[in-house]
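Below you'll find the structure, written out as structure tokens, and then a few comments.
The values are calculated or read from the model by the stated rules, or taken from the named source; none is laboratory data. Fair warning: this is a prediction, and the values are worked out from it, not measured in the lab. Cβ atoms come from the backbone with ideal geometry, glycine included; neighbour counts cover every protein chain shown. When the accessible area is computed, the model is the full protein with side chains, heavy atoms only, and any ligands, DNA or RNA have been set aside. Shrake-Rupley method; radii C 1.70, N 1.55, O 1.52, S 1.80 Å.
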Amino acid sequence: CYKIAQISKDDNSQLAVCRVLLAELEAHKDAWPFLTPVNHKVILGYRKVIKRPMDFSTIKRKLNNNLYFNLDTFIADVNLVFDNCEKFNEDDSDIGQAGHNMRKFFHELLHLKK
Ligand SMILES: Cc1ncccc1N[C@@H](C)c1ccc2c(c1)OCCCO2
């Protein structure tokens, strides 16, 4: 393991780390189900089942609007993407598998950067 960035105390540096983490998530081959908000007019039942929808484009907008207080509030929204995915999709579905792969990838990214 190598240290890419010491999580420093000031918010700017933490926000820069969040941007790098999000870019790496978006570039992953299994990111495709999570890049944009789920259209509940297309995916029947989604609005009823998933109380707090989240996706990578929404996380990017929140980052750009300075809506994350620190790294932990950013991590909470990324984990919400994967928790929603597990709730709605079967584990052996393409989307379900992508969600498990992306959660593992994100977890490893976080441990690399500590
Ligand atoms: C993360 C997630 N969870 C549950 C359902 C969908 C999604 N993602 C959306 C973006 C999506 C993925 C695949 C799709 C789709 C839409 O359009 C309908 C046609 C089939 O292909």
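Would you say K87 is basic (K, R) and either free of Cβ contacts under 8 Å to residues at least 12 places away in the same chain or more than 10 Å from the ligand (Cβ to nearest atom) (or both)?
It is false that K87 is basic (K, R) and either free of Cβ contacts under 8 Å to residues at least 12 places away in the same chain or more than 10 Å from the ligand (Cβ to nearest atom) (or both).
For the stretch 22-36: of the residues being open to solvent by 30 Å² or more (accessible area, probe 1.4 Å) and not in a helix (DSSP H, G or I), which is farthest from F105 (Cα to Cα)?
Here the residue is T36.
Which condition from (1) exposed (fewer than 13 other Cβ atoms within 10 Å of the Cβ); (2) at pLDDT 95 or above is the one that K114 breaks?
(2)
Return yes or no: is L67 within 9 Å of the ligand (Cβ to nearest atom) and surrounded by 11 or more Cβ atoms within 10 Å (Cβ to Cβ)?
Numbers: within 9 Å of the ligand (Cβ to nearest atom): no; surrounded by 11 or more Cβ atoms within 10 Å (Cβ to Cβ): yes.
No; evaluated as a whole, the condition is false for this residue.
For the stretch 48-60, check the following and say yes or no: at least one residue is more than 14 Å from the ligand (Cβ to nearest atom), outside any loop (DSSP other than H, G, I, E, B) and within 24 Å of H111 (Cβ to Cβ).
Yes - at least one qualifying residue is present in the stretch 48-60.
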